[in-house]
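Before any comments, here is the structure.
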Amino acid sequence: DTEVTQTPKHLVMGMTNKKSLKCEQHMGHRAMYWYKQKAKKPPELMFVYSYEKLSINESVPSRFSPECPNSSLLNLHLHALQPEDSALYLCASSPILGDFTYEQYFGPGTRLTVT
Amino acid sequence: QKEVEQDPGPLSVPEGAIVSLNCTYSNSAFQYFMWYRQYSRKGPELLMYTYSSGNKEDGRFTAQVDKSSKYISLFIRDSQPSDSATYLCAMSANDYKLSFGAGTTVTVRA
């Protein structure tokens, strides 16, 4: 089973709200990722967790706060977002073997609208 | 110059035709090569991945990698209207980061 699940599918939030996006995978992958994708553009990497530790933060504003509670779950906490943060937020996971990472599997995404 | 170049199209073909997609890249450190299919407003779906030069076939899909020319291709045989989507090439130098092409929008006409 190569499935990554994400909830919610859609989210509309005001600029003063706090919300969270959730991601889950049961493939035993030890690397998990958050991406942001704008219309007609490829995904842009935001964060990488490897072995449940944050290993890459691509200079993402602090209004986005990732969390990895365990090896299967990944959250993205949102606070005080701007309208330009409206996008499709994608979670992905990949296996790690030794020092090597392999192909990434993406979830269906959460479509976020900030009003 | 972008690290990965992919013609965004759009590409329109009749049903049953062979769809040919390609990407070129400049970073010789790339070791892993992937093709993703993305339907409108959905997440990318991994179609093919390969770690070496040569051909890899899976059903109607064939991926080719030529590391000496820094060129990868995806061929879709007997294309169907359900193949209409955006196809993204992606590659990695084993550092968790994927470098994506711009994506090619493909329409298969019934």
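The values are calculated or read from the model by the stated rules, or taken from the named source; none is laboratory data. Predicted model only: the values in this text are computed from it and were never measured. Quick reminder, even Gly has a Cβ in these numbers, built from the backbone with ideal geometry, and neighbours come from all protein chains shown.
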### Query
So which residues in region B:21-69 are among the hydroxyl-bearing types (Ser, Thr, Tyr), over 25 Å from A:Ala87 (Cβ atoms), touching a residue at least 24 places away in the same chain (Cβ under 8 Å) and surrounded by 12 or more Cβ atoms within 10 Å (Cβ to Cβ), if there are any at all?
B:Thr24, B:Tyr25, B:Ser26, B:Tyr32
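Examine region A:59-72 for a residue that is away from chain B (no Cβ under 13 Å), of a type in the set (S, T, N, Q), in a strand (DSSP E or B) and out of contact with any His (no Cβ under 8 Å at 6 or more places or on another chain), and state whether such a residue exists. I'd like the intermediate steps shown before the answer.
First pass over region A:59-72, keeping only residues away from chain B (no Cβ under 13 Å): A:59-72.
Adding the requirement that they be of a type in the set (S, T, N, Q) leaves A:59, A:62, A:65, A:70-72.
Subset that is in a strand (DSSP E or B): A:65, A:70.
Then drop every residue that is not out of contact with any His (no Cβ under 8 Å at 6 or more places or on another chain), which leaves A:70.
Within region A:59-72, one or more residues are away from chain B (no Cβ under 13 Å), of a type in the set (S, T, N, Q), in a strand (DSSP E or B) and out of contact with any His (no Cβ under 8 Å at 6 or more places or on another chain).
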#### Entry: strands (runs of 3 or more DSSP E) (entirely within region B:47-110) containing at least 3 residues that are over 22 Å from A:Val48 (Cβ atoms)
B:54-58, B:61-66, B:71-76, B:85-92, B:104-109
### Message
Looking at (1) modelled with pLDDT of 95 or more; (2) over 12 Å from the mean Cα position of the chain (by Cα); (3) surrounded by 22 or more Cβ atoms within 10 Å (Cβ to Cβ), which one does A:Ser72 not meet, given that it meets all the others?
### Response
(3)
### Task
Only residues in region A:9-27 that are modelled with pLDDT under 95 count as the first member; pair them with residues that are of a type in the set (Asp, Glu) and outside any strand (DSSP E or B), Cβ under 8 angstrom, at least 6 apart or cross-chain, and list the lot.
A:His26/A:Asp1; A:His26/A:Glu3; A:Met27/A:Asp1; A:Met27/A:Glu3
### Query
Would it be correct to say that B:Thr24 is within 19 Å of B:Lys2 (Cβ to Cβ), within 10 Å of another protein chain (Cβ to nearest Cβ), modelled with pLDDT of 95 or more and not in a loop (DSSP other than H, G, I, E, B)?
no
### Query
Among the residues of region A:27-49, how many are of a type outside the set (A, V, I, L, M, F, W, C) and at the interface with another protein chain (Cβ under 10 Å from one of its Cβ atoms)?
9
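Assess whether A:Pro108 counts as being within 11 Å of chain B (Cβ to nearest Cβ), assigned to a loop (DSSP other than H, G, I, E, B) and either at pLDDT 95 or above or surrounded by fewer than 20 Cβ atoms within 10 Å (Cβ to Cβ) (or both). First the steps, then the outcome.
Working: within 11 Å of chain B (Cβ to nearest Cβ): yes; assigned to a loop (DSSP other than H, G, I, E, B): yes; either at pLDDT 95 or above or surrounded by fewer than 20 Cβ atoms within 10 Å (Cβ to Cβ) (or both): yes.
Yes, satisfied.
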